[in-house]
Every structure is written in structure tokens, then in C-alpha cells.
Amino acid sequence: MTAEYKVNGAVAVITLNNPPVNGLGHATRSAIVDGMKKALNDDAVKAVVITGAGKAFSGGADIKEFNSPKAMAEPTLHTVINVIENSTKPVVAAIHSVAMGGGLELALGCHYRVAAPGAQIALPEVKLGILPGAGGTQRLPRVLGLEMGLNMIVSGNPVPSEKLAKTALFNEMAEGDLMEAALAFANKVADVRPLPKVRDIKIDYPNYEGFLQFSRNTVKAMSGPFPAPLKCVEAVAAAVTMKFDDGIKFERELFVDLVQTTESKALRHAFFGERAASKVPDVPDDTPTRAIKSAAVIGAGTMGGGIAMNFANAGIPVKILEMKQEALEKGLGVIRKNYENTMKKGKLTPEKFEQRVGLITGTLSYEEIAQADIVIEAVFEDIGVKEQVFKKLDEVMKQGAILASNTSTLDVNKIAAFTKRPQDVIGLHFFSPANVMKLLEIVRGEKTGKDVLATALQLSKKIKKTGVVSGVCDGFIGNRMIEQYSRQAGFLLEEGCTPEQVDKAIEKFGFAMGPFRMGDLAGNDIGWYIRKRRYIEKPEVTYSKTADLLCEMGRFGQKTGAGWYDYKPGDRKAYPSQVVNDMIVKHSADLGIERRKISDQEIVERLVFALVNEGAYILEEGIAMRASDIDMVYLTGYGFPLFRGGPMFYADTVGLQNVVMSMEKYAKGRHGDAWKPAPLLAKLAAEGKTFN
Ligand code: T1G
């Protein structure tokens, strides 16, 4: 589908029609130019209106064509815009719903713009690691002014059209039918000459150098590893300092540079990865779903409270069940405190505060949650406890209720078997803090119904989570991989590293937090409990004993005031601990290991490639459906740096052959068995292929 052409009286109407958001793909661009030629060659046509069919005016360049020959094939977006801007007949953009990126740039090339209220107006390219590459950096500041134009381009955030009604961006706001208003406007201006062009507007901003320098400093300070925001400032500066055509050329140069950067490819990978994650091959988009009008959560602890907040934030009433009144009150109190803190920061209005708190109620009786459409248990991570809860849920919950477990590692098939309705059982693994972390691992049991899975995917969007489907295995996707990462972290301590050296190296790579600071935050006893189970279940898997020795010293982390690091009361800063470093050095001696100096590169490779190799096993076992799902798990749940695109994407950028070569090197060291390449990784590397 491309664009339709139809004449309405003396006005030609070109309607973009490239679902889902009228991406300006090559075919659509060609159809617009064809439509313009028809209109210019038809004497009966006095003006042109361009609009979009369906749910958008246009969502911009068709990012599915990026890095493909089509993206740069004539007519490029530049050519299309020039054809419109140089038209001898007035062209009016009729804007509704979404006008973003190249879609807004197309509208800026028109002589006039009529908008419906409520349309999202944005140049979001910076969020894809690029910048508006079809004149947006030169035209938007000309209609909005230097400051507002720059802010929109550097932030990439949408602004509702009605907020821009008084600017030169829109000539008219259509209160009623948009097309009627646009056609009337087109007829009104049909004979107006000269045709107004945005490019002819002069930006008037006294002391613009000072403003631009201030902008450069501010943007440089906040853009981290991403080059695009600062380039946006430079491009907008050209709108003030250069002639229009020179500015366009300069913008193009910056755009071409940015589109090739790994950072931009990583951001585009994440953009598509987020959307691909909700696609399940054997569960089509039109699979029936179950209505979720009410929810229940078992357990008012940290996880249960955070999970409940997700439902309240989405406007879904939720009842929390606890065993004891005191625990229930404590849990509800923590929730209220969380909302109060958010309100104090001005991120929640008092009305919203009352509404959300009002949506969360408590009970001590299973009977009172029986009518909930979904129940999520967040009780202690022990199969015996889960068994009791699910047997009880099977007894009391209404037919058709979804029974979900927040388990982080246990077998969802076993849990489903505790009930007579395994088709209604699913894993919904939230990440702490559950009301903040975006990731939701949706664990599909062998018997989970397709409608239950489809409902869970729909619910994850409703509660603003990134839902990633996982099969059943120990640790699902994220925790199974982090297990190998943690093993390597422990081995590195025995061979010569200190906790802070490992943390610093991986944080320099871009992780939000290294393994040891993370352990102290989450609680080292959690891993201790899981390892004890693993020592029995999988005695062949070796671990460093350092983490056990630490726990035997009672150093569970911040919650005990001491962990891998020392802490001072009321201060969350992690201080290197002589006690712990002495324990590690002594342990190396006990093992007869001669400690050595280990480079940051080895630390990063051993931690990250351990993730990649386990991810390859997870892929080939079908636990994860695609490599980008694994990347989304790590980008949204484990603090993997966004500019590196996730572990599997990062491995692709390193080159899988190089990953395998590094692993072969580490396989010669201690615990070399951990470096046996997953067959899929070895195969792709040998064939020179990539995961994504
Ligand atoms: N091109 C192609 N497909 C797109 C698309 C685009 N620009 N935007 C969205 N989609 C797909 C998306 O993958 C999904 O596909 C479906 O549309 C619904 O998306 C020269 C070069 C427009 C606000 O960055 O912000 O122009 O999964 O689930 O919540 O300067 O999509 O259904 O198969 O997000 O209603 C700049 C990015 C491009 C806009 C709609 N434009 N898109 O949100 O639906 S670069 C953007 C969005 C550019 C020029 C440069 C949102 C949306 P599927 P969705 P939504």
C-alpha cells in the first residue's frame, strides 16, 4: 500500500496509506511524487491536500527500511519534500493522530498545515540515535522559534498539536471534521501568491551564540555515550548560522554519520525488539483474550506490593491477600509510602494518589479474592509453599481466572500440576522493584492456554511492562544467564580481582551496577539459597566459594550493613572492605591459586560472553523465541547498557568468531568447562553469521 490520489472539486487529495503508521517507505514516497505530478498537470486542480489514512498522518521514515538500499533510493524524502515545496499550487497538510519524524518534515515542506487537536507532534529521531534528516532541524526552529524547536529535537518527545496551535507550525486547528476544514482552507488559499515557504522564514534570536553554547554544554553533560543529541544542537545551530540550503547539506552529513553508528543501530534494535517481543508465532494477534477487570496478589511483601501497584497504576482494582493482619498492614503501608514519595516529587497529583491508593485493598481471606480475573502469587520462593498456595487457589478461584506465579526460577509446569486447571496457569516474573522495572518475563508452561498467554501479553502492555515470553527452565531467560555471569565474577575474585575492580570494569562497560554492588543491594542470601539448591540438583556445576564464605560471615549486603562492601549507617555508598578482600586472598591461598593481575578487558569479556554463550543455549533450546527477546530482557531487567543493544546484539557487533576465540582462550584457564561454546554459537561463528 502506498498513497491514494483523488480529486475533490478543485482540490487534489493525496492520502498516505501504508499501515500501520504510514511509514514513508520507498513505495509511499514514489506515490506522493506521482500524485503531485498528476495535480500539477491537471488544470482543474487548484490546490493539494496531503493526509494519512488510519491511525497516523505519518510515523515518519519507514524504519523497517533503514540500512537497506530502499531507504536512500529516489525519490528520497528530501526529493519528495522539494517537489511539494516547489509546487506551483498550494499544498496543505491535514494532520491528525501522529505526525512524527519524516512525517512532520513532510508537513513542514507543505505551504500550509491544518491540524486536528490531540495529534502527537514530534521529531523523535534522537531516540533512534539519529537526527531529523529531511530538513526538520532547519524548518522546525523556523516555525516554533529556536528554543522550542531545539528542545523538541533534542528531547524527541511528542507535543500535543493543540499546544502548538498558536505557533507558525499550524495555520489552522480543525475543531470539527479535519478533511472538511483542510479542503475549505485549500480552496481559500488556492489563488494566494507567493506561496509561503517555511524555508524563507528568518529565525530571530538575539545572542543566539550564547544560547547555543549553553545548549551544547547542557546536552553534552546529559547525553552520556550517545552522540546524537549533541549533533542535534549542531544541526539546529546551522538553521541560525547558515543559509537554508547549506544548513540542509550540513544536516544531511550529520544524519549519514549518525545512521551508521553502533549506538543508533542498538537503539533501533531495541525499538524493534520491544515490539517483536509481543509476537508469538503460534498465538496470532487475533487470539481471544480474557477480560482483566480485577486482580489479586498473594503476599504483601516487597514483590507483592510492587506488583499490586502496577495494577493500580493501570486503573485495575487489586486485592492483596496476606496470612496475618500485621503483615498486611505493613505491606499496605509501604505501598502508601511509595505513592506519597512519588507525589512529593511532583510526579503524582493528589487526586491520582487517592485514586491509586483506593484501588488497592487487603484481605486475610482467600474467599474474598475468588472473583478476581487474575491472581498473582508472590510468596516465598519454595516449591512447597507454592504447592500450598496453588492448591488453595485451585479450590477457591472462579473458573476462567488466570493463576499466575511470580516465581523467579521454579518449574511452572510443576506449579501448574498442583491444580486441575494447568491451562490457566502462567508465570509472570516481575523484577524488583516490581512497580519500577520494565521487564516482565512471561513464562509459558507446557499446558498454558493460548488465550492465557495472549491475555498476559496484552496485560503487560496495559501495565507498561516489556513482556518477554520464556519457556520453562531453571531461571527462565534472565536469571539463567546471570547465573553464568555470577559464576565468572566469583572465579575472577579467586584468580586475582577484588569486588570493586570487577564492578568498576563492568560499570565502565556501561552496566548500571556491577555484580557485587548488585548482590549487596538485592541481598547475597538470595543467591546463597539458590546455590544450596543447585549444589544438590547439579553437583557438577562449580561455583566460587567466596560468595558462600561471605554469607557465612552474615554479610548479606546493605540489609545487614555489610556485604561485599562495607556500609555506614544511613549511607548507601559502598566502601571497599578489607575484611572481605582478606577473606578472598586467603581463599585463593587455600585453593593454591597464585593471584594475578587481570585486565578490565578480561573481566568484561568473561562476564558478558558468559551471558552470550548461555543466551545461545537458551535460543537453541527454544526457551527464548529470538535473540532480540534476550536483548530486551537484559536491556529492561538487568541494566545492560542500551547503547550496546543487549548481550546478543553486542556479540554481533564484536563478531561471533571473536567471541568464540576469546572463549577458547578462557577455556584453557580454571573452570574451563564453563566455556564450552553452545552449538548454535559455534555454528553461527563458523558461518560468519550473527544472532540478530
Ligand atoms: N516505520 C515503520 N514502522 C513503524 C514506525 C515507522 N516509523 N513506527 C512504528 N512502526 C510500527 C511498529 O514497529 C509496530 O509494528 C506498529 O507500527 C505500531 O507501533 C528522515 C529518518 C508512531 C507513536 O521514530 O513512536 O523519520 O509491531 O506499537 O503505540 O528524519 O510507533 O505492529 O508490526 O509503537 O500506536 C522517526 C517511531 C523515524 C516514530 C505509534 N519516527 N514510532 O505508536 O504503535 S526516523 C519514529 C513511534 C525518520 C527522518 C527520519 C510509535 C508511534 P507492528 P506501536 P503506537
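Output the residues belonging to the stretch 534-579 that are surrounded by 13 or more Cβ atoms within 10 Å (Cβ to Cβ), among the aliphatic types (A, V, I, L, M) and under 23 Å from Gln484 (Cβ atoms).
Val541, Ala547, Leu549, Leu550, listed by residue number.
State all residues of the stretch 152-183 that are surrounded by fewer than 16 Cβ atoms within 10 Å (Cβ to Cβ) and more than 11 Å from the ligand (Cβ to nearest atom); if no residue qualifies, say none.
Matches in the stretch 152-183: Pro160, Glu162, Lys163, Ala165, Lys166, Thr167, Ala168, Glu175, Gly176, Asp177, Glu180.
Kindly provide the set of residues from the stretch 376-402 that are of a type in the set (A, V, I, L, M) and either out of contact with any strand residue (DSSP E or B) (no Cβ under 7 Å at 6 or more places or on another chain) or over 26 Å from Tyr638 (Cα atoms) (or both), ordered by number.
If the condition is that a residue be of a type in the set (A, V, I, L, M) and either out of contact with any strand residue (DSSP E or B) (no Cβ under 7 Å at 6 or more places or on another chain) or over 26 Å from Tyr638 (Cα atoms) (or both), then Ile383, Val385, Val389, Leu393, Val396, Met397, Ala401, Ile402 are the ones that fit.
Assigned to a helix (DSSP H, G or I), at pLDDT 95 or above and basic (Lys, Arg), is that true of Lys461?
Yes; evaluated as a whole, the condition is true for this residue.
Among Phe250, Phe226, Phe272, Phe244, which is away from the ligand (no atom under 13 Å from the Cβ) and within 19 Å of the chain's Cα centre (by Cα)?
It is Phe226.
With away from the ligand (no atom under 16 Å from the Cβ), modelled with pLDDT under 95 and not polar (S, T, N, Q) as the only criterion, which of Met309, Met323 stands out?
After ruling out the rest, the residue left standing is Met323.
Could you pull out the residue among Ala99, Ala56 that is buried (at least 24 other Cβ atoms within 10 Å of the Cβ), within 10 Å of the ligand (Cβ to nearest atom), of a type outside the set (Asp, Glu) and assigned to a strand (DSSP E or B)?
The conditions single out Ala99.
Restricting to the stretch 6-23, name every residue that is surrounded by fewer than 17 Cβ atoms within 10 Å (Cβ to Cβ) and modelled with pLDDT of 95 or more.
Lys6, Val7, Asn8, Gly9, Ala10, Asn17
I'm trying to understand the selection: among the residues of the stretch 34-72, which are farther than 20 Å from Leu183 by Cα and out of contact with any strand residue (DSSP E or B) (no Cβ under 9 Å at 6 or more places or on another chain)?
The answer is Ala61, Asp62, Ile63, Lys64, Glu65, Phe66, Asn67, Ser68, Pro69, Lys70, Ala71, Met72.
Being of a type outside the set (Lys, Arg) and under 27 Å from the mean Cα position of the chain (by Cα) is true for just one of Ala44, Ala99, Ala94, Ala27. Which residue is that?
The conditions single out Ala99.
Just checking, which of Val452, Val472, Val468 is of a type in the set (Val, Ile, Thr) and in a helix (DSSP H, G or I)?
After applying the criteria, what remains is Val452.
Identify the residue in the stretch 578-598 that is touching a residue at least 60 places away in the same chain (Cβ under 8 Å) and not aliphatic (A, V, I, L, M) and, among all such residues, is nearest to Tyr567 (Cα to Cα).
Asn581
Looking at this structure, is Asn82 assigned to a loop (DSSP other than H, G, I, E, B) and within 15 Å of the ligand (Cβ to nearest atom)?
No, not satisfied.
Being touching a Phe, Trp or Tyr at 6+ places or on another chain (Cβ under 9 Å) and either under 30 Å from Arg533 (Cα atoms) or not β-branched (Val, Ile, Thr) (or both) is true for just one of Val396, Val389, Val375. Which residue is that?
Selected residue: Val389, the only one of Val396, Val389, Val375 that is touching a Phe, Trp or Tyr at 6+ places or on another chain (Cβ under 9 Å) and either under 30 Å from Arg533 (Cα atoms) or not β-branched (Val, Ile, Thr) (or both).
This table checks each residue for (1) of a type in the set (A, V, I, L, M); (2) under 33 Å from the mean Cα position of the chain (by Cα).
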| site | (1), (2) |
| --- | --- |
| Ile482 | yes, yes |
| Leu492 | yes, yes |
| Thr498 | no, yes |
| Pro515 | no, yes |
| Gly527 | no, yes |
| Lys532 | no, no |
| Lys538 | no, no |
| Thr546 | no, no |
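Output the residues belonging to the stretch 131-145 that are touching a residue at least 60 places away in the same chain (Cβ under 8 Å), over 18 Å from Glu253 (Cα atoms) and either surrounded by fewer than 21 Cβ atoms within 10 Å (Cβ to Cβ) or within 11 Å of the ligand (Cβ to nearest atom) (or both).
Gly145
Which of the following residues is assigned by TED's automatic domain parsing to the domain that holds Ser588 and touching a strand residue (DSSP E or B) at 6+ places or on another chain (Cβ under 8 Å): Ala624, Ala678?
Of the residues listed, the single one that is assigned by TED's automatic domain parsing to the domain that holds Ser588 and touching a strand residue (DSSP E or B) at 6+ places or on another chain (Cβ under 8 Å) is Ala624.
Among strands (runs of 3 or more DSSP E) lying entirely in the stretch 326-415, which contain 1 or more residues that are closer than 28 Å to Thr289 by Cβ and polar (S, T, N, Q)?
360-363, 402-405
The conditions are (1) on the phi < 0 side of the Ramachandran plot; (2) within 16 Å of the ligand (Cβ to nearest atom); (3) crowded, with 24+ Cβ neighbours inside 10 Å, and Val92 fails exactly one of them. Which is it?
Failing condition for Val92: (2).
Within the stretch 59-74, can you find the residues that are under 20 Å from Pro124 (Cα atoms) and either more than 6 Å from the ligand (Cβ to nearest atom) or at pLDDT 95 or above (or both)?
Scanning the stretch 59-74 gives Gly59, Gly60, Glu65, Phe66, Asn67, Ala71, Met72.
Taking Glu105, is it assigned to a loop (DSSP other than H, G, I, E, B) and either within 16 Å of the ligand (Cβ to nearest atom) or surrounded by 18 or more Cβ atoms within 10 Å (Cβ to Cβ) (or both)?
no
Would you check which residues across the stretch 548-560 are under 36 Å from the mean Cα position of the chain (by Cα) and in a helix (DSSP H, G or I) and list them?
Asp548, Leu550, Cys551, Gln558, Lys559, Thr560
Search the stretch 291-305 for residues being outside any loop (DSSP other than H, G, I, E, B) and in contact with a strand residue (DSSP E or B) (Cβ under 7 Å, 6 or more places away or on another chain), and hand back the single one that is nearest to Lys386 (Cα to Cα).
The selected residue is Ile298.
Mind checking which pairs have a first residue in the stretch 270-284 that is of a type in the set (S, T, N, Q) and a second that is in a helix (DSSP H, G or I) and surrounded by 15 or more Cβ atoms within 10 Å (Cβ to Cβ), Cβ under 6 Å, 6 or more apart or different chains?
Ser278/Leu457
Pick out the one residue from Gly135, Gly129, Gly103, Gly109 that is of a type in the set (Gly, Ala, Ser), over 30 Å from Gly645 (Cβ atoms) and at pLDDT 95 or above.
On inspection, the qualifying residue turns out to be Gly109.
Yes or no: the stretch 69-89 includes at least one residue that is assigned by TED's automatic domain parsing to the domain that holds Val13 and under 25 Å from the mean Cα position of the chain (by Cα).
yes
Glu74 fails exactly one of the following numbered conditions: (1) out of contact with any Lys or Arg (no Cβ under 7 Å at 6 or more places or on another chain); (2) touching a residue at least 40 places away in the same chain (Cβ under 8 Å); (3) of a type in the set (Asp, Glu); (4) closer than 19 Å to Gly133 by Cβ. What is the number of that condition?
That leaves (2) as the condition not met.
Give me the helices (runs of 4 or more DSSP H) completely within the stretch 597-677, filtered to those with at least 3 residues that are crowded, with 22+ Cβ neighbours inside 10 Å and among the small types (Gly, Ala, Ser), ordered by residue number.
Hits in the stretch 597-677: 600-620, 627-637.
The values are calculated or read from the model by the stated rules, or taken from the named source; none is laboratory data. Just so we're clear, the structure is a prediction, and the values are computed from it rather than from any experiment. Counting neighbours? That spans all protein chains shown, and the Cβs are built from the backbone with ideal geometry, glycine included.
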